[in-house]
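The values are calculated or read from the model by the stated rules, or taken from the named source; none is laboratory data. Just so it is clear, the model here is predicted, and its values are computed rather than measured. As a convention, Cβ positions derive from the backbone with ideal geometry for all residues, glycine included, and neighbour counts pool all protein chains shown. Please note that ligands, DNA and RNA were not included when accessible areas were found on the heavy atoms of the full protein model with its side chains. Shrake-Rupley method; radii C 1.70, N 1.55, O 1.52, S 1.80 Å.
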Amino acid sequence: MGQTIAEKIIADHAGLPTVVPGQIVNVPVDMAMANELSAALSIKELNSWGVDKVFDPRKICLVPDHFTPNKDLNAAAIATTVRAFAQKHDVRWYFEVGRGGIEHAVLPEEGVILPGQIMVGGDSHTCTAGALNCLATGVGSTDIACAWATGEVWLKVPTSAALEYTGKLRPHVYGKDLILYTLGDLGTPGATYMSIEYFGDVFDNLPLADRFTMANMAIEAGGKCGIFRFDEKTKDFVEATPRFIAERPAYHTFAPDADAAYAVSRKYDVTHIEPQVACPFSPDNVKPVSEIEDIKIDQVVIGCCTNGRLEDLQRAAEILRGRQVEKHVRAIIIPGSQRIARIAHETGLSNIFIDAGCVFSTSTCGPCIGGHMGVLDADEVCVSTTNRNFRGRMGHLTSEVYLANTAVAAASAIMGRIGSPDEL
Amino acid sequence: MILKGRVYRVGDNINTDVIMPGRWCHLTDEAELAKHCMEDHDRDFLQKIKPGDIIVADENFGCGSSREVAPLSIKAAGIGAIVARTYARIFYRNCINIGLPIFESPACAAATGPDDGLSIDVFGGKIINHTRGGEFAFAPFPEFMKTIMDKGGLQGWVMERLGR
Ligand code: SF4
């Protein structure tokens, strides 16, 4: 029986010729990542276990991004704990505020994670990195503490889902719409515990940004990971990262066998898919934007880890150029990383947003998790390019979040209601 | 081992954002976490439950964020076990790792209502509903998970790996 991408990567790490779904294996991790919130708990656990040495400081990554720049005294205390840990153990991949950004944008971009590797992360959207043909999966803080102590993690070999996208995309339809459409089809528990593997010629004509968006939201269908095939685009991306240029590390790539067994298979003809919107309070409550009635909005968030890459911001800027955000709407732009922010400034992209009346924020999770920099009041409505719209996600319990791509979010900001760029 | 308790019943897709909202995710102290458990699902959760109570849920319990503070708060609030039709995977492994007893039984979930009295025979593999009658099997744990559970969570396993 042939193997899926996830099965091959796990077998490779477990030192086995093959693995089968359901099998539990212990594998060495190539990277164990945490943000300041998950790290705080992992550090507390390591201390209570009496472990004062990590397995390998070069394979640990810490990104304070959720409540940073520190939003209050509690956040400051956590950030201090994490920084002290990074200093004490000489953690190689510590991204202080101002030198990183949001974990899932930063790691692939810096070359911290490479194709064929296994990464565990104390954050559910760790699956984002799977766009680079690696197995990246979210775990809890105890798992991270275990990985930091032993260099290993226990994994149940997942079953896999094969999702194939073919056809020609309509204008203003991007990776975000494909994954929202898929969530509408599969439902939020639709791929629970599966490795979601994405295929199809659609990706030949899209930048890697869209793969990151789709791998990012694999967890929204319950996926253990989301993985793309390796191709020339992946190669170009990986080999342009600062780490690769400096060290030229070797990496392996994995393609599925022709007779690999997939528990779920879907073929999507994208030709008829229009921009999608996920309505409150679930990412699978999806409708085409044209079917959304007149819904007034108070806030728009463009960016974050799902859609904060350069191409995402460019698509929004294209819509906002020479236009104005509706008078009573707050539009907040959040680049995924400092590197992206820098390019946005250099190329004048950030000025397009500022001229349109947006806030060009620093890179932070901030509003996405209802932390800071854009928390919603009671009954407020937000169009966001992030990945979750659960009740209370971005603030007050009665606030509502609609998820969309960056072009739809930008158009909505201008109109003061949810709408498509075609209406402008 | 027999776990006995009264049921706190919830439905499908209870996500970790409502179990432990983002605004409390900076907390690491268990007693503090317990104070906010399930706050955005049910403001009166803590008044309604007693130590040892059992959460019974339908599909996809614990979906969303990987935040381990969610299962930790449930454990710290005194909940003795969770029974659900299905779980989200990160939540499931977090529970195993922190030693919060967790069982998968679609049949039990289907036949259990609020305030029912349950007892769970952890090693015997069955759940009894004392209020409505009925005995339900739950999915057996893989050997590896049993090992972790026997050690009271992942900590014991790590200690062994490190030769302590
Ligand atoms: S931007 Fe939102 S979804 Fe992404 S890592 Fe931050 S909190 Fe999580």
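Computed values, structure above
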| quantity | calculated |
| --- | --- |
| Of all DSSP beta bridges in region A:277-418, antiparallel share, percent nearest 5 | 20 |
| A:Gly101 long-range amide H proximity, modeled H, under 5 Å | A:Gln338 |
| For A:Gly395, distant residues with modelled amide H under 5 Å away | A:Leu376 |
| Area accessible to solvent at A:Thr166, 1.4 Å probe radius, in Å² | 50 |
| Positive-end residue of A:Gly392, A:Gln314, A:Val325, charge dipole of region A:277-418 with Cβ unit charges | A:Gln314 |
| Gyration tensor (alpha-carbon) shape descriptor, the protein assembly as shown, a/c threshold 1.5 | rounded |
| Order of exposure, largest accessible area first, which applies to A:Lys327, A:Lys224, B:Lys126 with probe 1.4 Å | A:Lys327, B:Lys126, A:Lys224 |
| Gyration tensor (alpha-carbon) shape descriptor, region A:224-307, a/c threshold 1.5 | oblate |
| Solvent-accessible surface (1.4 angstrom probe) belonging to A:Glu110, in square angstrom, nearest 10 | 30 |
| Options A:Cys127, A:Leu178, A:Gly190, ranked by Cα towards positive dipole end of region A:94-243, top entry (Cβ charges) | A:Gly190 |
| Shielding by other protein chains, B:92-98, mean Cβ within 10 Å | 5 |
| Of all DSSP beta bridges in chain A, antiparallel share, percent nearest 5 | 20 |
| CD proxy at 222 nm, helix term only [per DSSP H run n ≥ 4: -39500 (n - 2.57); per residue of the protein assembly as shown; nearest 500] | -8500 deg cm²/dmol |
| In order through region A:146-158: 3J(HN,Hα) via Karplus (6.51 cos²θ - 1.76 cosθ + 1.60), integer Hz, x for Gly, Pro | 4, 5, 5, 7, 10, x, 10, 9, 8, 10, 8, 5, x |
| Span per principal axis, largest first, for the Cα atoms of region B:2-163 (Å) | 44, 40, 24 |
| Amide H contacts under 5 Å for A:Tyr402, placed H, 5+ residues apart | A:Cys382, A:Val383, A:Ser384 |
| Subset of A:Lys59/A:Lys233; B:Lys35/B:Lys75; B:Lys4/B:Lys126; A:Lys44/B:Lys146; A:Lys168/A:Lys235 violating a 19 Å alpha-carbon distance limit | A:Lys59/A:Lys233; A:Lys44/B:Lys146; A:Lys168/A:Lys235 |
| Karplus-derived 3J(HN,Hα), 6.51/-1.76/1.60, for each residue of region A:222-227, Hz, glycine and proline x | x, x, 6, 7, x, 10 |
| Area accessible to solvent at A:Leu169, 1.4 Å probe radius, in Å² | 40 |
| Listed residue (A:Leu376, A:Ala344, A:Val401) projecting farthest to the positive dipole end of region A:333-402, Cβ model | A:Ala344 |
| Vicinal HN-Hα couplings computed from phi for region A:25-32 (Karplus, 6.51 cos²θ - 1.76 cosθ + 1.60; Hz; Gly/Pro x) | 10, 9, 10, x, 9, 7, 8, 10 |
